[in-house]
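Single-structure report; data block below.
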Amino acid sequence: ALRGFDTPNCNRMAREGIMFGRMYTEPSCTPSRAAVITGRHAIRNGMHTVAFPIENSGMSGEEVTSAEVLSSAGYATAFYGKWHLGDVEESYPHNQGFDETLFVPYNQVLIIYNKQGETANAVIGARPETMPEDRYHLDDTFVPEGWLMAMEGKKGELGREWGNREMEDWDPLEEECRNRTLDFIRRNAKEKKPFYAVYWPSETLNLAPIPERKTPARSALAERFQYGTDAFIGQVMDELEALGIAENTLLVCNADNGPMVHDPPAGMGQSEIMFRGGKGDFWEGGI
């Protein structure tokens, strides 16, 4: 509520479970995600850089992930959402212990790397076909072609590209990840098989247009937290209860890092409010 939006389902988790308020890793995205999935700090797993396409690197295939450990113990494993741990084959989640995946290999800021973002002046150079010829052009290293918006894959198989990298593809991707998460839970509950489902939303930084804003913050971040992420957490809790497995299922919700405070667009809501610092800073606003 201090930031202008409500999270009733996250609050319910805190009331009914345990809240850890000092679970720190690094103050940026990729190293924190690698720490969660491997249990090791960036200095050990090597995932210390928040990379953009084309990266040509990623988490080593030699890393031991939570999915690999649980898979070896007989669990069904699935990953849906923002991975951001590399764009080489060995780094993909379906090559890191997950049975089935639908994932975003990069940062969701790439939602503006398209014609809509170019024409709105959110980026310059992402879609050169919308611009006049650049008489000073030297090379094509700014936004290289060939990056993937998302990929789906199964353990032991090659991944397949998902989506067309356009702005209107991102919200359907988020919905698909949620639907697959619930379907995976239902399938394994029906078969009475232990499961490990990881859903890391891409939506909370999305720059896609929001037709109607309802929160006091009036920002994209607030809307997608309250009516997207938090609402889905409620759906998952309801589903676990309906399936009769709530008391035998460990549900964990953890945050990404703090907001982008370096002059973000006002409507994005990426402001630290009363906290010090933002992404990249070791103040509370960054971690």
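The values are calculated or read from the model by the stated rules, or taken from the named source; none is laboratory data. Quick caveat, the model's predicted, so the values are computed rather than measured. Methodologically, a virtual Cβ is constructed for each residue, glycine included, from the backbone with ideal geometry; neighbour enumeration extends over all protein chains shown. With ligands, DNA and RNA removed, areas are computed over all heavy atoms of the protein, side chains included. Shrake-Rupley method; radii C 1.70, N 1.55, O 1.52, S 1.80 Å.
Numerical summary
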| quantity | calculated |
| --- | --- |
| Enumeration of residues in the range 90-146 that are at pLDDT below 85 and among the acidic types (Asp, Glu) | Glu118, Glu129, Glu133, Asp134, Asp139, Asp140, Glu145 |
| Selection count, the range 88-134, where residues are closer than 16 Å to Asn164 by Cβ and buried (at least 16 other Cβ atoms within 10 Å of the Cβ) | 15 |
| Check on Glu26, at pLDDT below 95 and farther than 22 Å from Gly277 by Cβ | no |
| Residues located in the range 218-261, provided they are modelled with pLDDT under 90, open to solvent by 30 Å² or more (accessible area, probe 1.4 Å) and outside any loop (DSSP other than H, G, I, E, B) | Phe225 |
| Filtered residues of the range 1-39 (kept if in a loop (DSSP other than H, G, I, E, B), buried (at least 18 other Cβ atoms within 10 Å of the Cβ) and among the basic types (Lys, Arg)) | Arg3 |
| Which numbered condition Val69 misses (of (1) outside any loop (DSSP other than H, G, I, E, B); (2) among the hydrophobic types (A, V, I, L, M, F, W, C); (3) open to solvent by less than 10 Å² (accessible area, probe 1.4 Å)) | (3) |
